[in-house]
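S.K.: Structure provided below as structure tokens; questions to follow.
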Amino acid sequence: MYQNRNHIRYYKQTAMINRILLLLFTGIAFMHCKMDGGGDQSAAAHPAEEAAFEEDSHTYAALGSARTTHLTLDLTVDFDKKILGGKVIHKIDRNGGTSFVVDMNGLDIKEVRDASSGEPLEWKTGKNQKYLGQPLTITLGPNTEKVEISYLTRPDALALDWLDPVQTADGKHPFLFTQGQAILTRSWIPLQDSPGIRITYDATIRVPSELLAVMSADNPQEKNSDGVYHFSMKQPIPPYLMALSVGDLAFRPIGLRTGVYAEQSVVDAAAEEFSDMEKMLEAAEGLYGEYLWDRYDLIVLPPSFPFGGMENPKLTFATPTIIAGDKSLTALIAHELAHSWSGNLVTNATWNDFWLNEGFTVYFERRIMEALYGKDYTNMLALLGRQDLDETIKKSDPKDTHLYLDLDGRDPDDGMTDVAYEKGALFLKTIEEKVGREKFDRFLVRYFERYKFRSMTTGRFLKYLETELLEPNGVDIDIDAWVYGPGIPPGAAEVHSDRFLLVDEAMHQFLEGSKQPGDLQTNGWSTHEWLHFIRQIPDDLSIAKMEALDDAFNFTNSGNSEILAAWYERSIRNGYADQIMPSIIAFLTEVGRRKFLTPLYRALKETGREETARKIFSGARQNYHSVSAISIEDLLNS
Ligand code: BES
Ligand code: ZN
């Protein structure tokens with residue numbers, strides 16, 4: 001059964017000055033580190049590397065100047081007004097700065113004070129720019145070390161999804177969740193919103209007493225009577241990993257360090273579906289070193305969550321559409337878990353380096369899947385990924401198919417394509433095959449250990465790769481072509497799946513008419529074989545044959561969200577949509593996961609059904625988080 005069916009009842013003013021500041025700061029910090037010997041060993045050994053802050057065109061903050069080290073949040077969650085209100089205290093490293101600049105997008109600032117003396121501080125906001133929001137510039141007192149900002153969010157805050165009870169699984173209570181990546185945290189907290197900095201935080205969150213609050217932090221496992229929850233995140237994280245969710249949540253343990261949060265009516269199915277989480281955690285540690293975040297829990301959100309998953313530390317946020325009943329979509333958990341190393345420990349320094357987060361994570365995800373379920377199974381996942389990559393490269397501007405991106409002046413969200421994910425993973429797989437798995441694994445273990453709790457640029461990674469792995473092993477690979485060039489360079493690792501060859505054979509028999517759909521050998525097929533089968537349906541397959549497939553396999557009513565999405569797109573493009581339009585509309589209305597929505601709306605538009613698409617969108621929009629709503633709006637208006 002498709003579990004989710006029921007849920008619905010539910011920019012840089014003075015880049016030059018920054019560069020000069022950066023150079024100055026690097027120099028000063030270098031001398032500083034030499035004098036005090038540095039903190040931990042690895043930091044002491046590489047002072048210049050630790051001090052340099054990358055130019056990040058997606059923050060207003062001058063990262064070489066006054067910089068936040070710790071945040072203290074105190075927020076009240078008002079579901080009636082759809083507002084978060086309260087204050088945030090920034091503990092800062094002044095680095096000689098006389099002013100302190102944070103990012104904000106759509107916030108109402110009430111007052112700014114020196115948190116120690118209580119003295120008001122002068123502040124001003126700058127021009128609002130698309131995607132970036134505004135700078136909030138605060139003049140520091142001579143001794144200011146803590147800055148307290150009182151503020152309110154607005155009901156349309158980009159990061160926040162405020163759900164009415166009918167949009168939840170249980171239908172009784174409202175729900176709230178945040179989505180920070182890439183640059184949306186600034187729409188619920190005024191902060192320095194660059195992946196190149198790290199902060200620790202603690203928080204007090206006040207919610208209606210019948211609800212539970214959870215964060216990317218140490219979490220409570222049950223409700224208390226006053227609705228006031230305290231959180232602490234002791235490991236330093238980049239700001240895009242600040243996260244909060246509030247709802248009528250229950251918790252179920254899975255293993256000693258793992259568990260699931262979800263609404264009451266979902267939590268048992270979730271615990272069952274994700275029963276391998278602890279094993280995944282152990283497999284991941286076995287591959288690339290100790291898990292440094294204490295617990296790994298997961299929260300299943302309502303279906304409006306715009307992504308499959310989000311690697312908020314200690315607490316992955318996930319879509320309910322991965323609860324398929326047969327554990328077939330849990331690679332997503334392996335993915336988000338893998339981010340506990342690639343992304344959360346070693347973090348892309350800017351959004352141009354996004355492939356360092358996602359390419360590594362897809363590679364790592366597949367290694368976890370292989371450890372648990374074997375090579376045959378994982379090859380299917382890899383081949384589906386390769387198909388996605390080929391499709392994306394075909395329809396993309398060649399510049400957008402480089403691993404290292406140029407997102408200046410653009411929404412960093414534009415970088416979230418199969419290129420970062422699948423070309424990134426393919427690059428790493430290609431290196432693995434050239435040096436051998438053992439050496440590659442040892443290299444990765446050392447890489448995560450050496451750079452843990454740091455940010456990483458593409459340039460620095462490539463240097464490390466060359467000196468630590470490629471040169472010592474005499475490996476020759478055209479790195480520039482992979483990272484700074486388009487498409488897939490020659491000599492890429494190849495992916496084969498024997499199980500998919502059997503699917504190809506079945507499709508061949510159906511297409512040449514030697515077998516009726518019901519007579520095809522489909523016994524024991526997993527979701528991935530079915531997905532491959534649906535992807536092989538030719539563009540011009542007749543409506544009668546589409547219908548024959550549907551009669552035999554009932555794709556239209558599948559309990560599996562991936563199968564539904566693939567089948568609906570095929571159906572729209574093959575003229576079979578009229579028969580099944582109510583199901584397509586129901587899916588587009590219930591599910592807010594962007595990866596499913598965009599291909600379907602695009603297919604509707606490209607097959608002359610733009611008006612239908614607009615009508616569906618206007619009915620469904622309130623069920624979408626801003627991330628999905630804005631993408632669909634752009635698609636329909638382009
Ligand atoms: N970190 C991403 C989600 C993300 C990326 C959000 C960029 C905002 C901006 C997450 O780890 C992810 O990759 N999710 C994928 C799942 C996956 C299995 C490839 C998704 O949501 O589809
Ligand atoms: Zn990811």
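S.K.: How would you order 179-185, 395-401 from highest to lowest mean count of nearby Cβ atoms within 10 Å? It would help to have the intermediate numbers written out before the result.
M.R.: On the way: 179-185: 24.3, 395-401: 12.1.
With the highest mean Cβ count within 10 Å placed first, the list reads 179-185, 395-401.
S.K.: Run through segment 515-589 and list the trypsin sites (Lys or Arg not before Pro) located in a DSSP loop whose Cβ has at most 15 other Cβ atoms within 10 Å.
M.R.: LYS515
S.K.: Place the peptides 95-108, 496-509, 258-271 in order of packing, highest mean first, counting for every residue the other Cβ atoms within 10 Å and averaging per peptide.
M.R.: Working: 95-108: 19.4, 496-509: 15.9, 258-271: 21.7.
In decreasing order of mean packing, 95-108, 496-509, 258-271 become 258-271, 95-108, 496-509.
S.K.: So, in Å, what gap is there between the alpha-carbon centers of segment 406-448 and segment 170-236?
M.R.: Spelled out, the Cα-based centre of one part sits 30 Å from the other.
S.K.: So, one more: Compute, for the chain, the length of the dipole vector about the Cα centre, with Cβ point charges of +1 (Lys, Arg) and -1 (Asp, Glu) only. Units Debye, rounded to 20. Write out the running numbers ahead of the final one.
M.R.: Values: 65 positive and 93 negative charges, 253 e Å.
Roughly 1220 debye for the chain.
S.K.: Mind ordering 561-567, 578-584, 628-634 by average Cβ neighbours within 10 Å, highest first?
M.R.: Numbers: 561-567: 23.9, 578-584: 15.7, 628-634: 18.7.
Packing order, densest peptide first, comes out as 561-567, 628-634, 578-584.
S.K.: Can you compute the helix-only [θ] at 222 nm over the chain? Use -39500 (n - 2.57) per DSSP H run of at least 4 residues, normalise by all residues, nearest 500 deg cm²/dmol. If you can, show how the numbers build up before the last one.
M.R.: Values: 20 runs with 242 residues, N = 638.
Theoretical 222 nm ellipticity from helices: -12000 deg cm²/dmol.
S.K.: Continuing with this model, one more query. Using only the Cα atoms of segment 525-637, construct the convex hull and provide its projected area averaged over every direction, in square nanometres to one decimal. Provide the component values of the computation, followed by the final result.
M.R.: Details: hull surface 26.7 nm².
Projected over every direction and averaged, the Cα hull of segment 525-637 covers 6.7 nm².
S.K.: In whole angstrom, how far apart do the alpha carbon centroids of segment 137-159 and segment 554-575 sit?
M.R.: Taking the Cα centre of segment 554-575 as reference, the centre of segment 137-159 is 47 Å away.
S.K.: Still on this structure: For all pairs of alpha-carbon atoms in the chain, what percent lies in each bin of width 20 Å, listed from the first bin to the last filled one?
M.R.: Per 20 Å bin, starting at zero, the Cα-Cα P(r) for the chain comes out as 18, 53, 26, 2, 0 percent.
S.K.: With 10 Å bins from zero, work out the P(r) of segment 341-484 over every alpha carbon pair and list the percent per bin.
M.R.: Reading upward from the zero bin: 11, 42, 37, 10, 0.
S.K.: Could you check the spin-label model distance between ASP478 and ARG252? Points 7 Å from the Cα along Cα→Cβ, value in nm.
M.R.: For ASP478 paired with ARG252, the spin-label model returns 5.2 nm.
S.K.: Right, something else. Would you mind pulling out the separation of the Cα centroids of segment 496-540 and segment 270-296, in Å?
M.R.: 34
Throughout, read-outs are computed from the coordinates displayed, never taken from laboratory work. Not measured: the values here are computed from a predicted model. Neighbour counts are summed over all protein chains in view; Cβ atoms, including those assigned to glycine, are modelled from backbone coordinates with ideal geometry.
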